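Beneath this line is the structure, given in structure tokens, with notes to follow.
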Amino acid sequence: MHASLLTLFHLADSALPVGGYAYSNGLEYAVKSGLIASVKELQLYLKDYTVQVLHYEIPYVKSAFEADGVQQLLQVSEHYNASLLNPLIKKAGLILGNNWLRLLRELNASLMAPEKIDQDFPLVFGFMAKQLNLSFSDCCQLYVFMAVRDQISALIRLGTVGPVKAHQIQNELLEHLNSTLQNKEIADYSQAYKSAYLLEMMQLSHNSLYTKLFQN
């Protein structure tokens with residue numbers, strides 16, 4: 001139990017140079033364009049963002065985690081690509097996925113990379129979490145934590161809010177999300193859906209979701 005907890009702490013540590021915190025996911029554009037101009041608007045934005053993570057990304061993480069063989073993983077990958085209409089999200093996700101895969105294999109050379117699929121971050125994350133012997137619950141909580149952490153890190157680096165307020169917001173979001181994860185049956189990839197259309201517009205307006213401003 002203690003070894004597993006330490007593994008989670010290690011993987012969730014922003015000091016691990018995955019570059020995940022550089023993945024502002026449209027937030028940078030939303031702040032600079034004035035679409036987010038107050039703490040209340042910021043909290044609403046982050047709520048929509050986390051809802052999108054739960055209903056769209058987590059089902060793909062789950063399906064990659066549970067995939068039984070290359071053929072099933074390939075089906076998940078094809079479905080993900082068909083549903084992902086934003087080329088900027090695709091590009092940023094591939095950068096993160098390849099970074100995550102490379103770093104995990106540097107830490108443990110015995111880990112096997114997924115074959116015959118694009119290295120999209122949600123799929124690589126779920127696939128590798130299974131090899132790390134994480135439980136599915138820990139896998140989901142780690143993914144959600146990293147997603148929220150990346151947004152909070154971007155906010156602090158942009159100077160939108162101070163570190164204390166930002167981490168208060170993070171704590172509130174994580175409490176809500178962890179409660180939701182425990183009480184919600186996670187669907188598989190065939191039931192994944194998006195509903196935050198304004199978030200999509202912000203992402204499409206953001207020329208580089210993975211920007212030099214945040215890179216390690």
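The values are calculated or read from the model by the stated rules, or taken from the named source; none is laboratory data. All of these numbers come straight from a predicted model, not from anything done at the bench. Neighbour counts run over all protein chains shown; Cβ positions are idealised from the backbone, glycine included. Quick note on the areas: whole protein, heavy atoms, side chains included, nothing else; ligands and nucleic acids left out. Shrake-Rupley method; radii C 1.70, N 1.55, O 1.52, S 1.80 Å.
Just a few scattered comments:
- Only Cα pairs under 8 Å and 6+ residues apart enter the sum, and on that basis the relative contact order of the chain stands at 41 percent.
- Cα-centre dipole for the range 97-146 with unit charges at Cβ (Lys and Arg positive, Asp and Glu negative), debye to 20: 80
- Compared with the dominant principal axis of the Cα atoms in the chain, helix 121-131 is inclined by about 40°.
- Magnitude of the charge dipole for the chain, about its Cα centre and with charges confined to Cβ atoms of Lys, Arg (+1) and Asp, Glu (-1), is about 540 debye.
- Solvent-accessible surface of the chain, taken per residue with a 1.4 Å probe and all protein chains present: 50 Å².
- At the listed q of 0.09, 0.11, 0.14, 0.15 Å⁻¹, the Debye profile of the chain, built from one uniform point per Cα, gives log10 I(q)/I(0) equal to -0.33, -0.50, -0.84, -0.98.
- Furthest towards positive pole of dipole, LEU46, GLY69, LEU35, structure part the chain, Cβ charges: LEU35
- Here the accessible area is traced with a 1.4 Å probe on the protein chains. For the chain, carbon and sulfur cover 54 percent of it.
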